[in-house]
1. With the requirement that a residue be within 19 Å of the chain's Cα centre (by Cα) and assigned to a loop (DSSP other than H, G, I, E, B), what does segment 329-352 give you?
2. Quick check on segment 201-214. Is at least one of its residues within 18 Å of Glu296 (Cα to Cα) and either buried (at least 19 other Cβ atoms within 10 Å of the Cβ) or touching a helix residue (DSSP H, G or I) at 6+ places or on another chain (Cβ under 7 Å) (or both)?
3. Do the conditions hold for Gly152, that is, is it assigned to a loop (DSSP other than H, G, I, E, B), surrounded by 21 or more Cβ atoms within 10 Å (Cβ to Cβ) and in contact with a Pro (Cβ under 7 Å, 6 or more places away or on another chain)?
4. Could you check Leu275 against (1) of a type outside the set (S, T, N, Q); (2) over 23 Å from Val122 (Cβ atoms); (3) surrounded by fewer than 20 Cβ atoms within 10 Å (Cβ to Cβ) and say which number it fails?
5. Which condition does Leu133 not pass, out of (1) under 29 Å from Arg270 (Cα atoms); (2) of a type outside the set (Phe, Trp, Tyr); (3) buried (at least 18 other Cβ atoms within 10 Å of the Cβ), if it passes all the others?
6. Output the residues belonging to segment 60-71 that are assigned to a loop (DSSP other than H, G, I, E, B) and at pLDDT below 75.
7. Can you tell me which residues in segment 1-41 are surrounded by 20 or more Cβ atoms within 10 Å (Cβ to Cβ) and assigned to a helix (DSSP H, G or I)?
8. For segment 131-149, what are the residues that are basic (Lys, Arg) and part of a loop (DSSP other than H, G, I, E, B)?
Amino acid sequence: MDHTTDVVVIGAGQAGLSAAYHLRRTDTDFVVLDHAKGPGGAWQHRWPSLRMDQVHGIHDLPGMALDPAGGTAAGTALDSAGGASVDTAESDDSRPAAVVMAEYFDRYERAFELPVLRPVDVIAVRRGQDDRLLVETPTETWAARAVVNATGTWDRPHWPYYPGRETFAGRQLHTADYTGPAGFAGQHVIVVGGGTSAVQLLTEIATRGNPASTTWVTRRPPVFVDGPFTAEHGRAAVAEVDRRVRAGLPPQSVVRVTGLTLTPEVARARAAGLLDREPMFTRITPHSVVWADGTERPADVILWATGFRAALDHLAPLRLRAPGGGITMAGTRVVAEPRLHLVGYGPSASTVGANRAGRAAALEIRRLLESRPESAARTMGA
């Protein structure tokens, strides 16, 4: 091993920084390894045309409010997982969310003197000697008594396969590749996916600049929820996702549980007929998509707004997968490896959920370290 510490936090997004903040408050020795070139977590990769006044579900990092000059309003709303979050609907800030949030995360890291190292790619986490986990990078290894994994999902976009996808002669891109509505003028775009991002991107492509024509395709009929997203809705959504991860099943989409919030922008898009959804096609040809009944629609672009999967490949050496395909969890703690906590995973995969998970993981790790002093840990590992 090259380095020894009490805790390694992998990832410096909302969940990772929350965990780091609470670890700092418990006086724990730790380091944060982040593979990005700069601060901002997944926010820094959001498409440039996404402005702060369009974003819903931002929650302050613990201990430091997002500066109102950065584009937030004073009111609060509920994010998709049911927690209190900053509501930017009344803000007149038109700055890109990627820029504002990266600046905020940068201020946060410096204000609390968080030991973030970047860019550092974690390639594996293994069980080591002396009761430690080994966190491996291409150049160094960290030996830690506990690990907080906060790698999120942005690095694992989900591309579902449909027959003929490889033959498509047009352009295919994922939400992770989207940079704005420019470049779609005069084309017909098939938008695939039933989540909030699909609705946002479709509306933007169909209404801004030189609009493109669009077709919206989803596996299940979308459910639009009118009125405020209440705490009860949020708790029910979190409870359902938590039930799945406790049973060792993969987390499901939050939108599948909560439905799509009928914001004024979404209501306008529905009234204009932009969100008239079609069921999933069954195959793809070089220039079209085709449904089971033979209906065919020409396509220049297929935009896969089909979500992301948890970026956990580096944890494969620990063999954590349950028979159901997921990782069995007890809160943030992995049942098969109690020294490992997953934050920003399952029920904590939202901004407010990530904050709560970071605090819970830090406190439980502190109790673990206190119950197993360093000398005892070494004796047990000898």
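1. Once the filter is applied, which keeps residues that are within 19 Å of the chain's Cα centre (by Cα) and assigned to a loop (DSSP other than H, G, I, E, B), segment 329-352 yields Gly331, Thr332, Val343, Gly344, Tyr345, Ala349, Ser350.
2. Looking through segment 201-214, at least one residue is within 18 Å of Glu296 (Cα to Cα) and either buried (at least 19 other Cβ atoms within 10 Å of the Cβ) or touching a helix residue (DSSP H, G or I) at 6+ places or on another chain (Cβ under 7 Å) (or both).
3. In short, no.
4. (3)
5. Answer for Leu133: the failing condition is (1).
6. The answer is Asp67, Gly71.
7. Those that are surrounded by 20 or more Cβ atoms within 10 Å (Cβ to Cβ) and assigned to a helix (DSSP H, G or I): Gln14, Ala15, Gly16, Leu17, Ser18, Ala19, Ala20, Tyr21, His22, Leu23, Gly41.
8. The answer is Arg132, and nothing else.
The values are calculated or read from the model by the stated rules, or taken from the named source; none is laboratory data. Predicted, not measured: the structure shown is a model, and the values here were computed from it. Cβ atoms come from the backbone with ideal geometry, glycine included; neighbour counts cover every protein chain shown.
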